[in-house]
Amino acid sequence: MPQPKALGSLNMHIVKTVLVLMATAVPQAGLAQVVGNRAARPSEIDIRRNGDNTYQLILKSYRSNTVSAGQDELTVKVSELCAPRRASFGKYSFDMKESVDGGEDKPTVLVLRQDIECGVVPSAKPSNGAQSVPAPRMATPEQVRRVEQQTRLYFEAKDQGHYTGAYDLMAGSLKQSISFETWTGRAEAFNAKAGAVKRRTVSKITWYYNPPQVEPGLYAAVDFTSMFAEVDLHCGFLAWREQPDGQFVLVREEENYMDRQTQQTLKPGDLEKVRQQFNCR
């Protein structure tokens, strides 16, 4: 799985958080939220064809404020687009913006960019070899869907302050190494410093089968970048391990970020160096 990168000789205030764990746990359901009666305008959906049987749908919603709710809004359109074939939700990114014509409550607008594939054919199943092999094709579409779903639920729970929901997605050994109170304190401190989430993007998923020095099994490393009201540079990865029941639990988390105040003190060119060392895409 991806390893933390050294920061070289740059002398600046940068925050790195790493959570590592290896065990089993049963994930709990996450939270989807739709803001009722807030939208005076209907949602807008733009459809772009990426290739054979693949599309990107761009949703501009005035009533949803989570990816889950936005995907629910797309369900009917996706079914119509792919019928009679089965539709599969793929990678996504989103922005949260204040409505230009909003009232005093300044309602936010969700802009969700969602990849869709129609008529997915399952990929080859992973082999039983004992070596670590980064293999993007070894996961089935259902395994990819579950990892993307767990990633979305984890981010939504953290961003909205539903810390119990996020903590429940972790494997048991992390809960033994870091208490709920300690982990929640760190998450609350980051949310207070970073402010409201503006964007979350999953840039890549890399699959590993039986990597060395960890419990054997199928792992997915999810690279992500984010933007918050007070933090422009934030990225890292989540590592998920498949359980016997087919669910995935979080076995590693690494996030790197720099607050805006520190970023403004950098010399020309230093920001790009930090971005590359953080592996921020």
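Measuring only protein heavy atoms, the 1.4 Å probe finds residue 275 accessible over about 80 Å². Proximity of backbone amide H atoms, modeled 1.01 Å from N, is registered between residue 66 and 33 at under 5 Å, excluding neighbours fewer than 5 places apart on the same chain. Label zone (residue 261, point 7 Å along Cα-to-C-beta; backbone nitrogen cut-off 12 Å) within segment 184-228: 193-194. Taking label points 7 Å from Cα along the Cα-to-Cβ direction, residue 72 and residue 52 give a separation of 3.6 nm. Counting only aspartates and glutamates at least 8 places from residue 193 when in the same chain, those with an alpha carbon closer than 13 Å to its own are 159, 230, 232, 259. Between residue 178 and residue 41, the FRET efficiency estimated from the beta carbon spacing at R0 = 35 angstrom works out to 0.20. When the Cα gyration tensor is reduced to axis lengths a ≥ b ≥ c, the ratio a/c is 1.5 or higher for segment 165-211, and with a/b not above b/c it is classed as oblate. Hydrodynamic analysis of segment 136-240 uses the Kirkwood radius over alpha carbon pairs. Inserted into Stokes-Einstein at 10 °C and 1.306 mPa s, it gives a translational diffusion coefficient of 106 µm²/s.
If the chain linking residue 196 and residue 245 were pulled fully straight, counting 0.36 nm for each residue of separation and taking away their Cα-Cα distance, it would gain 14.1 nm. Within the assembled protein chains, the solvent-accessible surface assigned to residue 193 is about 90 Å², based on a 1.4 Å probe.
Backbone amide hydrogens, once placed in the peptide plane, bring residue 109 within less than 5 Å of 97, 98, 99, excluding anything fewer than 5 places away on its chain. A straight Cα-to-Cα reach below 19 Å connects residue 60 with the aspartates and glutamates 44, 46, 72, 73, 80, 95, 98, 101, 105, 115, 156, residues fewer than 8 places away in its own chain not being considered. Geometric descriptor of segment 38-90, per residue, is 75 Å³ (volume of the convex hull of the Cα atoms).
Remark: C-alpha extents of segment 183-281 on the principal axes read 48, 30, 22 Å, sorted largest to smallest. Derived scalar couplings between HN and Hα for segment 68-82 equal 4, 5, x, 5, 4, 5, 7, 3, 5, 4, 5, 4, 5, 5, 9 Hz in order, rounded to whole Hz, by the Karplus curve 6.51 cos²θ - 1.76 cosθ + 1.60 (θ = phi - 60°), x for Gly and Pro.
Local charge for residue 217 was computed over the other residues whose Cβ lies under 9 Å away, with Lys and Arg +1 and Asp and Glu -1, and equals -1. Distance between the 7 Å Cα→Cβ label points at residue 188 and residue 273: 3.8 nm.
The values are calculated or read from the model by the stated rules, or taken from the named source; none is laboratory data. If you're wondering where the values come from, they're calculated on a predicted model, not measured in any experiment. All Cβ positions, even for glycine, are placed from backbone atoms using ideal geometry, and neighbour counts span all protein chains on display. Heavy atoms of the whole protein, side chains included, go into the accessibility calculation; ligands, DNA and RNA do not. Shrake-Rupley method; radii C 1.70, N 1.55, O 1.52, S 1.80 Å.
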